[in-house]
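A quick write-up on the structure given underneath.
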Amino acid sequence: MPGRSFILGMGIFLNPMNVSLVAAAGLAITHGAFAPVTRTLLSIGFVCAAALPVAIPVLIVLVRRERAEPMLRGLRRWMLKHNGYLSAGILLLVGVLQLIKALQVWD
């Protein structure tokens, strides 16, 4: 089962949008003018934020037990239905942040 989970996780991660978002965040953290402590805290924060989509459903299952399944099924259905809007919103946010960053370099 762990091997199958790993393969599934890599299949999800290797989505081009996920790879580009992780690369942009990594570049922003490494090339930013941050003190080493700040860079470390940003890296830890990024890893924690990246783990939330997996950690939250696991915590829901641990807390709600049998009652978690209908809730998670409804959430999954909603996310599948609105996947395009969610992806567009994330890409829009990243694009705006990158544009702001580029404009700040010109000043």
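Which pairs do you get when a residue that is farther than 17 Å from residue 12 by Cβ, found in the stretch 65-86, comes within reach of a residue that is of a type outside the set (Lys, Arg) and part of a helix (DSSP H, G or I), reach meaning Cβ atoms under 7 angstrom, with the pair 6+ apart or on two chains?
From residues that are farther than 17 Å from residue 12 by Cβ, the pairs are 68/60; 68/61; 71/60.
Of all residues in the stretch 11-29, how many are assigned to a helix (DSSP H, G or I) and open to solvent by less than 70 Å² (accessible area, probe 1.4 Å)?
13
Quick test of your reading of the structure: residue 44 fulfils all but one of (1) within 12 Å of the chain's Cα centre (by Cα); (2) at pLDDT 90 or above. Name the failing condition by number.
Just one mismatch for residue 44, condition (1).
The values are calculated or read from the model by the stated rules, or taken from the named source; none is laboratory data. All of these numbers come straight from a predicted model, not from anything done at the bench. For neighbour counting, all protein chains shown are included, and Cβ atoms are generated from backbone atoms with ideal geometry for every residue, glycine included. Heavy atoms of the whole protein, side chains included, go into the accessibility calculation; ligands, DNA and RNA do not. Shrake-Rupley method; radii C 1.70, N 1.55, O 1.52, S 1.80 Å.
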